[in-house]
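Participant: Take a look at the following structure, please.
The values are calculated or read from the model by the stated rules, or taken from the named source; none is laboratory data. Just so it is clear, the structure is predicted and the values come from calculations on it, not from any experiment. So basically every Cβ, Gly included, is an ideal-geometry build from the backbone, and we count neighbours across all protein chains shown. Heavy atoms of the whole protein, side chains included, go into the accessibility calculation; ligands, DNA and RNA do not. Shrake-Rupley method; radii C 1.70, N 1.55, O 1.52, S 1.80 Å.
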Amino acid sequence: MNSDLGHGWKLDNKVYTYRYWNKQNYNNPSLGANGLFAPGSGITATSGVDKLNGYRKVGDITTLSWESSRGVLRTGLWFEWAYTDRYQIPSDPRTWQDTPLGNFHEHFITTSAQPFIEYEYKVTPELSVTAGIKAVRYGMNLTQYADNGKTVGSLGGAPSVFHEADYSTWNPSIDARYKIRSNWTAYAQFATGSNIPPSSVFDSKGAQVAVLPSPTGVKTYQAGSVVKFNRWTLDVDAYYSHFQNPYSSYLDSAGESFFYQTGPSNTKGAEAEGNILIGHGVSLYLNGTLGSAKYQEGSNYANGGLWVANTPKNTEAIGLTYQVRNWDMGMFNKRVGTMYNDNGTINQAVTIDPFNVTNLFLNYTFKGESALRGTKIRLAINNLFDQHNIVGVAPASTKSNAPAPGDILTLLPARSVSVTMTFGYAPTR
């Protein structure tokens, strides 16, 4: 909803909701004595898994702005409520009869409230400076149920335990933009962010947490320039981010995520993006990044100088798009450079080789005087060439990075085809 309130005041409000619900039953046979899967021998009364991972989110984003000859004032609030339910219960794959106690079961409600205010000051017609601050507050209400000992245990006979956690911090930011020419702009900005601890900090025997971890912070500096001509555009920038003791995770041999706090890390690099109009509706898109994300070196950091997990050394993308009347089509190929996975105790334990993935889309948009103006039908094909490169490895051992039969490999998802329709309604008068 957009409303012009008059005298330079405008109100913008967006309400949203979405749901993710992944409920499945699957068999998870154990390895034989030789370290390999023996066909037909992995069926037991507890080899199956009854699994749920689902959430529902509802949110609202409200922005109120006031524009004058000297600048623009913006203030507003982002609020979100989220409900999550997760469990994993050993089950008999022949009858899907669950065991009395699962590996874990938890459900929690998370609320996020982030009011903000900022002012964009027009120093000169060419130069503007924007400064603002955001108050960040998260609340978590978590219920954990007694399990078979893999996560919180029997809880002393209690059916469940309840936790309440609140996190809050301030995130200031400032940026400056200078118009060198009518089609050429340079900018520099500084921003801060925060990351709250995951709910898994309560995943300890008896669900006892003596001291609640504090949110971790990040400071980011970025400078760049954008130039636009009739037939091509170019955007280049350089960045540096310092993460204060971020949380990392790894997957154990059962495919479950475990979180732990690492030393501080620094991410830096440069990126460039451009679009070239070839002609007759055909455009060429190019993008490339080059950087590093490593843990800070120092006498107190055993992982100093090692790469942060799942951060590629470089990425490249190339795409062709075609647009004519109500149709637009595109094909994009993205290459992800070398990156590393951890194994729980060793950083940079496993090397993930570079890989490519190609996606294709075809859109039709209703235009003109149609009452359905703005309605879009989209056909998308992800992983067009059905590649299955290794994109992640969960080592069977947390003490060695040597390949082993029990390692779990994550591959590129197979080719998928989807059709979506977004409705627009614009009745003619």
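Participant: For residues that are open to solvent by 60 Å² or more (accessible area, probe 1.4 Å) and of a type in the set (S, T, N, Q), scanning just segment 210-242, find the one that is farthest from residue 181 (Cα to Cα).
Facilitator: This residue is 214.
Participant: Looking only at residues that are open to solvent by less than 40 Å² (accessible area, probe 1.4 Å) and at pLDDT 95 or above in segment 273-286, which one is farthest from residue 239 (Cα to Cα)?
Facilitator: Applying the filter and picking the extreme gives 283.
Participant: If you don't mind, there's one more thing I want to ask. If I go through segment 355-388 residue by residue, how many of them are part of a loop (DSSP other than H, G, I, E, B), open to solvent by 50 Å² or more (accessible area, probe 1.4 Å) and not acidic (Asp, Glu)?
Facilitator: First, the residues of segment 355-388 that are part of a loop (DSSP other than H, G, I, E, B): 366-375, 383-388.
Subsequent filtering for residues that are open to solvent by 50 Å² or more (accessible area, probe 1.4 Å) retains 366-367, 369, 372-373, 385-388.
Remaining after also requiring not acidic (Asp, Glu): 366-367, 372-373, 385, 387-388.
Of the residues in segment 355-388, 7 are part of a loop (DSSP other than H, G, I, E, B), open to solvent by 50 Å² or more (accessible area, probe 1.4 Å) and not acidic (Asp, Glu).
Participant: State whether one or more residues within segment 102-118 are open to solvent by 70 Å² or more (accessible area, probe 1.4 Å), closer than 30 Å to residue 74 by Cβ and either out of contact with any Gly (no Cβ under 8 Å at 6 or more places or on another chain) or in contact (Cβ under 8 Å) with a residue 24 or more places away in the chain (or both).
Facilitator: yes
Participant: Next up: Got at least one residue in segment 391-405 being open to solvent by 60 Å² or more (accessible area, probe 1.4 Å) and of a type in the set (Val, Ile, Thr)?
Facilitator: No, because not a single residue in segment 391-405 is open to solvent by 60 Å² or more (accessible area, probe 1.4 Å) and of a type in the set (Val, Ile, Thr).
Participant: Checking the structure you have, find out if any residue of segment 310-322 is touching a Ser or Thr at 6+ places or on another chain (Cβ under 6 Å), farther than 30 Å from residue 188 by Cβ and at pLDDT 95 or above.
Facilitator: Within segment 310-322, one or more residues are touching a Ser or Thr at 6+ places or on another chain (Cβ under 6 Å), farther than 30 Å from residue 188 by Cβ and at pLDDT 95 or above.
Participant: Filter segment 406-429 down to the residues that are touching a His at 6+ places or on another chain (Cβ under 8 Å) and either loosely packed, with under 14 Cβ neighbours inside 10 Å or among the β-branched types (Val, Ile, Thr) (or both) and list them by number.
Facilitator: Listed by number, the residues that qualify are 411, 414.
Participant: Quick test of your reading of the structure: residue 355 fulfils all but one of (1) touching a residue at least 40 places away in the same chain (Cβ under 8 Å); (2) in contact with a Lys or Arg (Cβ under 8 Å, 6 or more places away or on another chain); (3) closer than 24 Å to residue 275 by Cβ; (4) of a type outside the set (Val, Ile, Thr). Name the failing condition by number.
Facilitator: (3)
Participant: In addition: What is the residue count in segment 331-353 for residues that are open to solvent by 50 Å² or more (accessible area, probe 1.4 Å) and not aliphatic (A, V, I, L, M)?
Facilitator: Here is the first cut: in segment 331-353, the ones open to solvent by 50 Å² or more (accessible area, probe 1.4 Å) are 331-332, 334-335, 345-346, 348, 351, 353.
From what is left, the residues that are not aliphatic (A, V, I, L, M) are 332, 334-335, 345, 348, 351, 353.
Total meeting the criteria: 7.
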